[in-house]
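Report on the structure given below.
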Amino acid sequence: MSRLDREADAFRASMAAAASKLTGGGTSAMSSAVKRNLAPPSPSPSVGSTTSAAVGTPSRRDRELPGANIVYSQPAITGTGDSVISQMAYAVTWLRGKEEPQSYYDVLSYLSATGRSDSEQEFFVEQMRRHPQIQWIPDPNLSEQTWKTGTYIHRPTIPNVRNKTQLLAYLQKKTDASGVSVKDLKDGWPDCEPSITELENEHKILVIRAKKDGAARMVWLDDASLFHEVEPDLVKAWSKVELPALDVIAQKLIQAGQKPASEDPRLKAEKMPKVEKKKKRAARKGGKSTNTHMEHLLKDYSHMKR
């Protein structure tokens, strides 16, 4: 048998083996492969989803995690500040609510600043002594004062006014007729509203109140002896009197040769006819002439204009 015949027999044997596989166990494998090919393709990701994933948009699970909404580019809201200005404002507010003087250690303890270095504490105490709303009371038992000695108390805008008697005494000492702001009173006497209402009902002070909420704004000293009760019948008769219109009152005053106070000078100026001012033409200034042969043309004839 030649070499060509041997290769032909081997080829026929391999084909027979392949045919047996296809007719037997190979049929199920082919059918499953066909089914896989006939199945619909899986959806590809959309452009929006790929774009959001690329830029790093957090998923719903990430948004629900604690701490996912923290903005690290902004400072945290802790309620207190570490700067000297913020700490001083808290110290003034705290001392305003204290009636007794407080030591430097009490103030620093309230501000949670006792753990700072001595140089920082000393600097803050020096700033407290310079503050216009804080009064430093030196220790009378010591001849030399240090930054740790003495006590501190709030210095209100209107000092020594914390009750009705002190308020009346302060108003009596005033040398002018200016009023006292209730806002300044509350700086050293926060709950002064009820006392102001009582003194107003006793006709000892005059009070100006806001129209919106009726809160007191300014107070003046009043004299209760000048108050007289008016009979209700007189009040009713007074309210029934009808006043003429403003135009009638102004007309009667003008007829009597009087100038009414209600006359608005701006309206009077608007009624007057406006006189147009003619603009004067500026006279031509004669300069040095170089073209002597044209002097008769450059001569000014504006005065001959009709």
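The values are calculated or read from the model by the stated rules, or taken from the named source; none is laboratory data. Computed from a prediction, not measured in an experiment: that's the story for all the values here. Every residue, glycine as well, gets a Cβ built from its backbone with ideal geometry; the counts of neighbours run over all protein chains shown. Heavy atoms of the whole protein, side chains included, go into the accessibility calculation; ligands, DNA and RNA do not. Shrake-Rupley method; radii C 1.70, N 1.55, O 1.52, S 1.80 Å.
Worth pointing out:
- Loop trypsin sites (Lys or Arg not before Pro), the range 79-176 (other Cβ atoms within 10 Å of the site Cβ: 12 or fewer; DSSP): Lys174
- Tyr170, Tyr301, reordered so the largest accessible area comes first (probe 1.4 Å): Tyr301, Tyr170
- Placed amide H near Ser103: partners under 5 Å, 5+ positions off or other chain: Tyr152
- Euclidean distance of C-alpha centroids, the range 210-259 and the range 104-151, integer Å: 56
- Probe 1.4 Å, all protein chains present, accessible-area order of Tyr110, Tyr104, Tyr152, largest first: Tyr110, Tyr104, Tyr152
- Karplus (6.51, -1.76, 1.60) ³J(HN,Hα), θ = phi - 60°, over the range 118-126, in Hz, Gly and Pro reported as x: 4, 5, 5, 5, 5, 4, 5, 5, 4
- Rolling a 1.4 Å probe across all protein chains gives His203 an accessible area of roughly 60 Å².
- Of the two radii for the range 131-258, the radius of gyration is 1.25 times the Kirkwood radius, both from the alpha carbons; that is the Rg over Rh value.
- Rh (Kirkwood; distinct C-alpha pairs) - the range 142-189, Å: 13.0
- For Thr157, the solvent-accessible surface with a 1.4 Å probe is about 80 Å², rounded to the nearest 10.
- Scattering curve values for the range 96-202, log₁₀ I(q)/I(0), Debye with Cα scatterers, q = 0.19 Å⁻¹: -0.97
- Of Met15, Met218, the residue with the largest accessible area leads and the full order is Met15, Met218 (1.4 Å probe).
- Cut-off under 5 Å, modelled amide H: who pairs with Arg209 long-range: Arg217
- GluC sites (Glu not before Pro) restricted to the range 190-229 and DSSP loop, no more than 12 other C-beta within 10 Å: Glu202, Glu229
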